[in-house]
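See structure below.
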Amino acid sequence: MSKTDFLNNQNPSEELALILKHIGARNPELVSTKAASKYLTDVKGVPTAPSSLEVYRCYGKGPKYKKVGSRIFYTLPWLDEYTDGVEVKVVDPNRA
């Protein structure tokens, strides 16, 4: 499912439901690391591996998160906030 598939939907609650289903999450306030990675990559266009999010947490970088017991969760608004400040550059080594 591409980013435009989500944006073409007129009803915001249906759009949210599609996004949550696509990333494998049930609640926009409790998004796992794996689902956050999928959301950032597929929906927001910021390629991010789950392991990258883990490293970012160690260095105090990346999106805000909350820890419940030993589990880590993100919220969709926090992920959106994070992507607003990320610039993605595509580098073509053939054009150097």
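Read-outs throughout are calculated quantities, based only on the coordinates presented, and are distinct from any laboratory measurement. Source: prediction; values computed, not measured. Counting neighbours? That spans all protein chains shown, and the Cβs are built from the backbone with ideal geometry, glycine included.
Taking into account only those residues within the range 55-96 that are part of a loop (DSSP other than H, G, I, E, B) and hydroxyl-bearing (S, T, Y), which is farthest from K44 (Cα to Cα)? Selected residue: S70. Of all residues in the range 21-35, those that are β-branched (V, I, T) have Cβ atoms under 8 Å from Cβ atoms of residues that are in a strand (DSSP E or B), 6 or more apart or on another chain, in I23/V31; V31/F73; V31/Y74; T33/I72; T33/Y74. So, of the residues in the range 22-31 that are in contact with a Phe, Trp or Tyr (Cβ under 7 Å, 6 or more places away or on another chain) and surrounded by 19 or more Cβ atoms within 10 Å (Cβ to Cβ), which turns out to be farthest from V55 (Cα to Cα)? Ranking the qualifying residues of the range 22-31, first place goes to I23.
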